[in-house]
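**Q** Here it is, the structure in full.
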Amino acid sequence: VAWTAAPTTSDPPVPPAAVDDACATSMGAAGSVVIPPGTSTSVAPAVANALDLVGARSGWYRRCDRLACRAYGYANSGYESASVHWARMLGTGHAHPGDRCPPLGAFVYWATGSPDGHIALVVASDPACDPARIKVVTNDALVTLAQIEQGFMNRANYRGWSDPICAGARQPGTQ
């Protein structure tokens, strides 16, 4: 698993992410991720930050909502759970219920057997909306939507995607 930023004239080179290969192998090969040229200045670093968390097994169990917002520079999401986060996005018009074509940097949500639900961050989108080509960082793994829904998430419980909005405190040193 690797990622690179597509070069642009204004972007400095981006280092490769450190990945726990055993973790990535256990989830199946999701391949590499390229951050496309023209990606917004808020989304590109978030995608890179999320990819840097792949393989970091410590501290993310049942904290998927925190991880998604951590990638955007927040210490936490500001919501009690992924389900509460989704409900807030629905209530404020930032959610896209049932839409299976999330853009790069979006949050994707599922209902689970727990009231907390689940959230992941989109690190590769696909114009054709192929779930085998849309990649997400979920807790400590890089997987495709197809892989996550063949594993521990049920496709029928997919809620949709939202704009990447967090209400938590910013991490020290971030804007």
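**Q** Quick one: if you stick a label point 7 Å off each Cα along the C-beta vector at Val84 and Thr112, how many nm between them?
**A** 1.6
**Q** Right, next: Add +1 for every Lys or Arg and -1 for every Asp or Glu among the other residues with Cβ under 12 Å from the Cβ of Ser83, and state the total. Don't jump to the answer; show the numbers that get you there.
**A** Details: positive: Arg88, Arg159; negative: Asp65, Glu80, Asp116.
Here the count lands on -1.
**Q** Figure the gain on full extension for Arg100 and Arg170 (residue separation times 0.36 nm, minus the Cα-Cα span) and round it to one decimal in nm. It would help to have the intermediate numbers written out before the result.
**A** Values: separation 70, 0.36 × 70 = 25.20 nm, distance 2.93 nm.
Gain on stretching Arg100 to Arg170: 22.3 nm.
**Q** Let me ask another. So how much slack lies between Arg62 and Asp163, counting 0.36 nm per residue of separation and subtracting their Cα-Cα distance, in nm?
**A** Numbers: separation 101, 0.36 × 101 = 36.36 nm, distance 2.13 nm.
Stretched fully, the Arg62-Asp163 segment lengthens by 34.2 nm.
**Q** Can you give the FRET efficiency to the nearest 0.05 for Ser42 and Ala156, using r as the Cβ-Cβ distance and R₀ = 25 Å?
**A** Details: r = 32 Å, r/R0 = 1.28.
That pair, Ser42 with Ala156, gives E of 0.20.
**Q** Output the Kirkwood hydrodynamic radius of segment 85-134, Cα pairs only, in Å rounded to one decimal.
**A** Values: mean 1/r = 0.0854 Å⁻¹.
For segment 85-134, inverting the mean 1/r across all distinct Cα pairs yields 11.7 Å.
**Q** If you don't mind, another one. For segment 96-121 and segment 131-166, what is the separation of their Cα centres, given in Å?
**A** Each part's Cα centre sits 7 Å from the other's.
**Q** How would you classify segment 35-175 from its alpha-carbon gyration tensor, with a ≥ b ≥ c the square roots of the eigenvalues: rounded for a/c under 1.5, else prolate if a/b is greater than b/c, otherwise oblate?
**A** rounded
Values quoted throughout were computed directly from the atomic coordinates according to the rules given, and no laboratory measurement underlies them. This is a predicted model, so every value here is computed, not measured. Virtual Cβ from ideal backbone geometry, glycine too; neighbours counted across all protein chains shown.
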